[in-house]
Amino acid sequence: MRLLVAVLVLGSLVACGTTSENRSTGPASSTPCKGADGKYVIGMSQANVAEPYRQRMDDDIRAAAKSVPQFEVRFTDAQQDNSRQVSDVENFLTQQIDLLIISPNEAKPLTAVVKKAFDKGIPVIVLDRKVEGDAYTTWIGADNVEIGRQAGKYVAEQLLPNGGKIAEIRGLAGSTPAKERGDGFRESIRGRNIEIAVSQDGDWLREKGQEKADAILKSNPDVSVIYAHNDPMAEGAYLAARATGRQDALKFIGIDGLPIPSGGLKAVEAGRLSATLIYPTAGKEAIESARKILVDCQQVPKTQTLQTQLITKENAAQVYAKENPGG
């Protein structure tokens, strides 16, 4: 009889442990997977929607969530304010959401509140930008160091094979893509007789990119390439150059490659940008991971790295058509 009781207790413990492992959502989960019969509230904390890329990310999440009838997604916009985004997440926690998706404005200021959600047993999906540490369920995004490397390689081999001076317009200083895109770029141009004459923060915004480029071009007339960490800042730099009649004498590179009329693919096709690199929004992948966690009770990988692609005049129209079939 004692042996039977022991076996039953052990079996119960193993079963409980299996459920926790399959969910892969963090310690002492308070949001058990209810399967296909459950209803789930997901909080999506966005850094800002002033960037077209981030608006597209939200749109992709909305579109993907429509195919999962169990999901209700609530969105917030932190407007590039770290304190506001912390408050947004805190509010989600009081609403007892079942899962948090977050694209952090900056890494360090958002780390603690993300860890708080994770420690409460709420699955956390981090998109694009990262937080410090590993207190989250999964991170989904492209390799920004590799994107920087590809941008640097393109500049070194195609635009400045004999060397020259460039200007860099960075993203928000405390965000991980800004550092990583800069690091990868520098790695590729090292030893190539290419000098980064000036590097300024454009905060990912078109208007700020235009403002910074205007000042850069006035003080650095020998710059021949502007490398911007996203397409809106690159387009802003193009507008600054056009205002002084120098747009044809300069080359502009961005990142994002959004398949929308105002996005980087069309800018390359039209010749305003020499190149861009596709940076997937991960919206579709975020919802798929949420479905696996909440509906299917499955584990998801800690890191999900998405593929990128260099876009030039040669393939811009083809890639745009592929991303927009029928229109």
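The values are calculated or read from the model by the stated rules, or taken from the named source; none is laboratory data. A quick note: this is a predicted structure, and the numbers were derived from the prediction, not measured. Cβ sites come from the backbone with ideal geometry, for glycine too, and all protein chains shown count toward neighbours. Quick note on the areas: whole protein, heavy atoms, side chains included, nothing else; ligands and nucleic acids left out. Shrake-Rupley method; radii C 1.70, N 1.55, O 1.52, S 1.80 Å.
A few remarks follow.
- Selection status of Ser188, assigned to a helix (DSSP H, G or I) and surrounded by fewer than 23 Cβ atoms within 10 Å (Cβ to Cβ): yes
- Residue within the range 112-130 that is outside any helix (DSSP H, G or I), among the basic types (Lys, Arg), modelled with pLDDT of 95 or more and more than 21 Å from Arg54 (Cα to Cα) present: yes
- Flag if Ala243 is at pLDDT 95 or above and within 21 Å of Thr312 (Cβ to Cβ): no
- Residues of the range 110-130 that are touching a strand residue (DSSP E or B) at 6+ places or on another chain (Cβ under 8 Å) and open to solvent by less than 40 Å² (accessible area, probe 1.4 Å): Leu110, Val114, Ala117, Phe118, Ile122, Pro123, Val124, Ile125, Val126, Leu127, Asp128, Arg129.
- Boolean, Ala151 is crowded, with 20+ Cβ neighbours inside 10 Å, over 27 Å from Ser87 (Cα atoms), touching a strand residue (DSSP E or B) at 6+ places or on another chain (Cβ under 6 Å) and not assigned by the TED database to the domain that holds Tyr53: yes
- Selection within the range 96-108 - more than 25 Å from Val295 (Cα to Cα) and either open to solvent by 60 Å² or more (accessible area, probe 1.4 Å) or charged (D, E, K, R) (or both): Glu106, Lys108
- If the condition is being at negative phi and in contact (Cβ under 8 Å) with a residue 40 or more places away in the chain, then the range 159-172 contributes Leu159, Leu160, Lys165, Ile166, Ala167, Glu168, Ile169, Arg170, Gly171, Leu172.
- The listed residues are Lys179, Lys251, and the only one of them that is open to solvent by 70 Å² or more (accessible area, probe 1.4 Å) and touching a Ser or Thr at 6+ places or on another chain (Cβ under 8 Å) turns out to be Lys251.
- Any chance Phe75 is within 30 Å of Ala178 (Cβ to Cβ) and either at pLDDT 95 or above or open to solvent by 70 Å² or more (accessible area, probe 1.4 Å) (or both): yes
- Any hit, the range 87-95, residues being in contact with a Lys or Arg (Cβ under 7 Å, 6 or more places away or on another chain), surrounded by 20 or more Cβ atoms within 10 Å (Cβ to Cβ) and more than 16 Å from Glu285 (Cβ to Cβ): no
- Filter result (touching a strand residue (DSSP E or B) at 6+ places or on another chain (Cβ under 6 Å) and in a loop (DSSP other than H, G, I, E, B)) within the range 191-216: Gly202
- The lone criterion from (1) in contact with a helix residue (DSSP H, G or I) (Cβ under 9 Å, 6 or more places away or on another chain); (2) surrounded by 19 or more Cβ atoms within 10 Å (Cβ to Cβ); (3) within 23 Å of Arg54 (Cα to Cα) left unmet by Trp139 is number (1).
- Residues that are open to solvent by 60 Å² or more (accessible area, probe 1.4 Å) and of a type in the set (Lys, Arg), drawn from the range 234-248: Arg242
- Residues in the range 257-304 that are of a type outside the set (A, V, I, L, M), closer than 30 Å to Ala135 by Cα and open to solvent by less than 10 Å² (accessible area, probe 1.4 Å): Tyr279, Gly283, Ser289.
- When the range 152-167 is filtered for residues that are outside any strand (DSSP E or B) and more than 10 Å from Gly182 (Cα to Cα), the ones remaining, listed by number, are Lys153, Tyr154, Val155, Ala156, Glu157, Gln158, Leu159, Leu160, Pro161, Asn162, Gly163.
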